[in-house]
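The values are calculated or read from the model by the stated rules, or taken from the named source; none is laboratory data. Since we're looking at a predicted model, the values are computed, not measured. Note: ideal-geometry Cβ built from the backbone for every residue, glycine included; neighbour counts use all protein chains shown.
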Amino acid sequence: MKAITFPLVIILFVVVMINTSYSQTTFEAKGLEITINSSGAWYSDNEFITPKNGFIYYTLNVTILNISNETKNVNPLYFSLIDGEGYKYDISFMGKEPNLGYGNLSPSDKMRGYITFEILKGATDLKIQYNSLF
């Protein structure tokens, strides 16, 4: 009988409170320095880009700096928002541009862009969650 093996996946789980009383928050995660440069509600000028009824678009302007000595994988899908009621929001594929890109980030290199979420109107106590698969 042949044994079935599965690759080991390590998930780094970081949760950081977004403080809306000032515009910048920085935290480290797995060799990356992640800075939330600004955050807030976003409204599109395009009539076809609208959130679901009862929701708003909330955007983060993010800079990711590789502070390690290794190439790191960056992906906006690693980010989520969690509100004070415990609701979790994944990124929206409609949002403010330029979007945060994805790919490999060499040591000392940085990447910047927007990540947009569709959250409930009136959501408070927002926290950003970063889950890196590597």
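For this structure, a couple of remarks:
- Filter result for Pro7 (in a loop (DSSP other than H, G, I, E, B) and either among the β-branched types (Val, Ile, Thr) or modelled with pLDDT of 95 or more (or both)): no
- From Phe117, Phe48, residue being touching a residue at least 60 places away in the same chain (Cβ under 8 Å) and hydrophobic (A, V, I, L, M, F, W, C): Phe117
- Residues of segment 74-89 that turn out to be within 21 Å of Asn37 (Cβ to Cβ) and surrounded by fewer than 17 Cβ atoms within 10 Å (Cβ to Cβ), as a count: 2
- Tally of residues being touching a helix residue (DSSP H, G or I) at 6+ places or on another chain (Cβ under 6 Å) and either charged (D, E, K, R) or at pLDDT 95 or above (or both) across segment 103-134: 1
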